[in-house]
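Notes follow once the structure below has been shown.
The values are calculated or read from the model by the stated rules, or taken from the named source; none is laboratory data. On a predicted model such as this, the values are computed, not experimentally measured, just so you know. Methodologically, a virtual Cβ is constructed for each residue, glycine included, from the backbone with ideal geometry; neighbour enumeration extends over all protein chains shown.
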């Protein structure tokens, strides 16, 4: 079997069955997010949003370890200029915008630890089910960039104070209970078995709901974000500039080893 390289693009798979559209992403480095995977995720979610066979979308990742390790350090370490950096961070912006603009409800299945951009992905879902292993951390400030692109969606979900706590203390893992109490997770379950049982029940419930009503509740929940195409693009430019600073280069190289 061929061994994956540090620049493995990862995988994204979609499936539609019984009205439920599933999007599953994976990467050998803790389900991290290289640019190609981010673009694929955004495209798959947009496509499922227009697929008449799917009434609800479930977002999940592979394996039993981390749900998502955030941005790919291998790709971050290869960024040589601000323009390239901006393009990379636009991947996160485009994914968040695809999720909020999708006309169907997106339910996230969070089975393990979540870092950085992965926290933004969870916050951009409409309903997140998590296991007690699903700790969270925003590590960006520790590598000299800050959680700027994912900031608006996380702040919208858990409030500015809690977003600040995560963003400033970039070294500390917060428990799944912490995330649940602050609204990042809608529900918390003891183990993956219980998580999946509840996910199946909820997804089936949503497929039986009035599609016009579910589309309407999604529009209402995301009111006030119509300017995010411009906002998140500006945040991507900020991150793209910072990622090539001397401080960030040293920190990324150290952590990428």
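Remarks
- Residue match in the stretch 56-74 (condition: buried (at least 16 other Cβ atoms within 10 Å of the Cβ), at pLDDT 95 or above and farther than 22 Å from residue 114 by Cβ): no
- Residue in the stretch 174-190 that is in contact (Cβ under 8 Å) with a residue 24 or more places away in the chain and under 30 Å from residue 250 (Cα atoms) present: yes
- Evaluated against (1) more than 20 Å from residue 137 (Cα to Cα); (2) in contact (Cβ under 8 Å) with a residue 40 or more places away in the chain; (3) part of a helix (DSSP H, G or I); (4) within 13 Å of the chain's Cα centre (by Cα), residue 37 falls short on exactly one condition, (2).
- None of 134, 233, 176, 130 is out of contact with any strand residue (DSSP E or B) (no Cβ under 6 Å at 6 or more places or on another chain), modelled with pLDDT of 95 or more and within 30 Å of residue 76 (Cβ to Cβ) except 233.
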